Amino acid sequence: MRVGLMYIDSIFNNEEIKELKSFLDIEGVNFKVIDKGRRITANIDELNPVITIFIDFVISSGLLVSLGASAVWDGFKTMVKYVVLKTKGKKFYKVTSKKVEERDRTISIVTRTNNNEIFFKLEGLESVEELDLALEKLLPIIEKQLNEMKSNNQIYIASFDKILNEWVTENFIEKIRREKGL
């Protein structure tokens, strides 16, 4: 399994990076950190959050079930909670081609299934309890998408509905078309 952490504005210092790596210092996990500093980034915030956590694994139904009960998954969840809680309430600077903007922290977990990308937005999940619930429901929704999605190179955005206690997924392009009245 590969896990990546990419962020802007040099959020984490060296000690924090070492601590993040320690959560995933498990055989079979390749963890990479990318600090984009204040380089120019795209303007589509849903696809370019301040912090992106990538998770990539060879997916099969059996793997997801076994992963849910493993030390690897526990390490991943601990790392995600650390990132969310450590950056709570902070402001960051995003550089676009036209200006430097102060931004609230946005975080997404990104994975690929059937050649489709899914962005799991973590905005609004601030407490450990909310994060635990959302992360516990992450693997089942990935497995559902694996079984139901066609391989069509689409982008999906998922938000955690606190009332329903489940991830709600929608096609990003269809969402934009709806919002623009196209």
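Residues in region 134-182 that are closer than 16 Å to Asn116 by Cα and among the hydroxyl-bearing types (Ser, Thr, Tyr): Ser151, Tyr156, Thr169. Test Glu166 against the stated conditions and say whether it is within 21 Å of Lys88 (Cβ to Cβ) and open to solvent by 30 Å² or more (accessible area, probe 1.4 Å). So Glu166 does not fit the description; no.
For region 144-164, filtering for residues that are within 15 Å of Ala134 (Cα to Cα) and assigned to a strand (DSSP E or B) leaves 5.
Of all residues in region 118-129 being outside any helix (DSSP H, G or I) and surrounded by fewer than 16 Cβ atoms within 10 Å (Cβ to Cβ), which is farthest from the chain's Cα centre (by Cα)? Among those residues, the one meeting the criterion is Ser127.
Across region 1-19, the number of residues qualifying as in contact (Cβ under 8 Å) with a residue 60 or more places away in the chain and open to solvent by 20 Å² or more (accessible area, probe 1.4 Å) comes to 5.
Note on region 48-72: residues that are modelled with pLDDT under 85 and within 25 Å of Glu123 (Cα to Cα) amount to 9. Ile176 falls short on exactly one of the conditions (1) open to solvent by 50 Å² or more (accessible area, probe 1.4 Å); (2) in contact with a strand residue (DSSP E or B) (Cβ under 9 Å, 6 or more places away or on another chain); (3) in a helix (DSSP H, G or I), and that condition is (2). Of note, Ser97 does not satisfy the criterion of being under 14 Å from the mean Cα position of the chain (by Cα) and either at pLDDT 85 or above or of a type outside the set (D, E, K, R) (or both).
Of all residues in region 148-163 being open to solvent by less than 50 Å² (accessible area, probe 1.4 Å) and aliphatic (A, V, I, L, M), which is farthest from Lys137 (Cα to Cα)? In this case the residue turns out to be Ile155. When region 73-83 is limited to residues that are at pLDDT 90 or above and in contact with a helix residue (DSSP H, G or I) (Cβ under 6 Å, 6 or more places away or on another chain), the one that is surrounded by the fewest Cβ atoms within 10 Å (Cβ to Cβ) turns out to be Thr78. Taking the criterion of being open to solvent by less than 10 Å² (accessible area, probe 1.4 Å) and modelled with pLDDT of 85 or more, the residues of region 105-115 that qualify are Ile107, Ser108, Ile109, Val110, Thr111.
The values are calculated or read from the model by the stated rules, or taken from the named source; none is laboratory data. Not measured: the values here are computed from a predicted model. Positions of Cβ are generated from backbone atoms using ideal geometry, with glycine treated the same way; all protein chains shown enter the neighbour counts. Protein only, heavy atoms only, side chains kept; ligands, DNA and RNA dropped before computing areas. Shrake-Rupley method; radii C 1.70, N 1.55, O 1.52, S 1.80 Å.
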